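Q: This is the structure I have questions about; it appears just below.
The values are calculated or read from the model by the stated rules, or taken from the named source; none is laboratory data. Note that the structure is a prediction, hence the values are computed from the model and not measured. A quick note on method: Cβ atoms are made from the backbone with ideal geometry, for glycine too, and the neighbour counts reach across all protein chains shown. SASA here: full protein model, heavy atoms, side chains in, ligands and nucleic acids out. Shrake-Rupley method; radii C 1.70, N 1.55, O 1.52, S 1.80 Å.
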Amino acid sequence: MSATDPNCIFCKIVSGKIPSRKVYEDDHVFAFHDIAPWAPVHFLMIPKLHIPSMAHVGVEQAGLMGHMMTLAPKLAMQEGCNPYPEGGYRIVLNTGMEGGQEVHHLHMHVMGGPRPWLKG
Ligand code: 5GP
Ligand code: ZN
C-alpha cells in the first residue's frame, strides 16, 4: 500500500489536481462535498494516505479511524445536520464490490438534513 496512487481520483482531490468543495482538512484527513449528493448534507471524509478500503485497515489505523469517527459528528453539525435525536445523520463506509464501493480509496459518507432525501 503506497502513500498515494497517481490513478486514484480521491488522491487527486487531496492534492488539488481535481477540484472539490472542501469541508475540512488537517494533517491526516480531508473532507469534501459529494459531487452527487443523496441528502441535503452529503460529504465524504477520507484519509490523506491512499488506503483502498476498510478491508485494508488494521490496528495501525485505529488512531486514524477513531479520529475520523469522532470528527464526523462535529462536521455533520457544522455542515447543517440537525441535532440528535430529531435530526441526526448516517455514516456509511461502502467496502468492496458487494458493499457498493465505487472509488477504491477509503471514504466515509456523512449524510443528513431534512427528509425526504434523494436516496437512502
Ligand atoms: P462509493 O460508491 O465508492 O461509496 O462512493 C463514491 C462517492 O464518490 C459517490 O457518492 C460519488 O458521487 C462520489 N464521487 C465520485 N467522484 C467524485 C468527484 O470527482 N468529486 C466528488 N466530490 N465526489 C465524487
Ligand atoms: Zn487514493
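Q: Name the single residue, out of those in region 88-98 being open to solvent by 30 Å² or more (accessible area, probe 1.4 Å) and in a loop (DSSP other than H, G, I, E, B), that is nearest to ligand 1 (Cβ to nearest atom).
A: Asn94
Q: If you don't mind, another one. Of the residues Ala31, Ala39, Ala72, only one is among the small types (Gly, Ala, Ser), under 12 Å from Val110 (Cβ atoms) and in contact with a helix residue (DSSP H, G or I) (Cβ under 9 Å, 6 or more places away or on another chain); which? Break it down stepwise before answering.
A: Values: Ala39 fails: in contact with a helix residue (DSSP H, G or I) (Cβ under 9 Å, 6 or more places away or on another chain); Ala72 fails: in contact with a helix residue (DSSP H, G or I) (Cβ under 9 Å, 6 or more places away or on another chain).
Sole residue among the options that is among the small types (Gly, Ala, Ser), under 12 Å from Val110 (Cβ atoms) and in contact with a helix residue (DSSP H, G or I) (Cβ under 9 Å, 6 or more places away or on another chain): Ala31.
Q: Oh, and also: Hey, could you check region 67-87 for residues that are open to solvent by 30 Å² or more (accessible area, probe 1.4 Å) and assigned to a helix (DSSP H, G or I) and say which is farthest from ligand 2 (Cβ to nearest atom)?
A: Of everything passing the filter in region 67-87, Met77 is farthest from ligand 2 (Cβ to nearest atom).
Q: Can we say Asp5 is within 16 Å of ligand 1 (Cβ to nearest atom) and over 13 Å from the mean Cα position of the chain (by Cα)?
A: In short, yes.
Q: Restricting region 101-116 to residues that are more than 13 Å from ligand 1 (Cβ to nearest atom) and surrounded by 15 or more Cβ atoms within 10 Å (Cβ to Cβ), which is farthest from Leu44 (Cα to Cα)?
A: Gly113
Q: Being aliphatic (A, V, I, L, M) and either more than 16 Å from ligand 1 (Cβ to nearest atom) or free of Cβ contacts under 8 Å to residues at least 12 places away in the same chain (or both) is the filter here; which residues of region 63-75 pass it?
A: Scanning region 63-75 gives Leu64, Met65, Met69, Leu71.
Q: If Ser20 meets every condition in (1) open to solvent by less than 60 Å² (accessible area, probe 1.4 Å); (2) touching a Phe, Trp or Tyr at 6+ places or on another chain (Cβ under 8 Å); (3) assigned to a loop (DSSP other than H, G, I, E, B); (4) in contact (Cβ under 8 Å) with a residue 40 or more places away in the chain apart from one, which number is that one?
A: (4)
Q: Take the residues in region 23-56 that are part of a helix (DSSP H, G or I) and among the aliphatic types (A, V, I, L, M); name whichever of them is nearest to Asn94 (Cα to Cα).
A: Taking region 23-56 first, the residues part of a helix (DSSP H, G or I) are 54-56.
Those left that are additionally among the aliphatic types (A, V, I, L, M): 54-55.
Details: Met54: 8, Ala55: 10 Å.
Going through the qualifying residues, I end up with Met54.
Q: Of a type in the set (Asp, Glu) and within 14 Å of ligand 1 (Cβ to nearest atom): is that true of Asp34 in this structure?
A: So Asp34 passes the test.
Q: Name the one entry in His50, His28 that is at pLDDT 95 or above, more than 16 Å from ligand 1 (Cβ to nearest atom) and farther than 27 Å from Arg115 by Cα.
A: Answer to the check: His28.
Q: So, one more: Take the residues in region 23-47 that are in contact with a Leu (Cβ under 6 Å, 6 or more places away or on another chain) and over 20 Å from His67 (Cβ atoms); name whichever of them is most open to solvent (accessible area, probe 1.4 Å).
A: If we take residues in region 23-47 being in contact with a Leu (Cβ under 6 Å, 6 or more places away or on another chain) and over 20 Å from His67 (Cβ atoms), then Trp38 is most open to solvent (accessible area, probe 1.4 Å).
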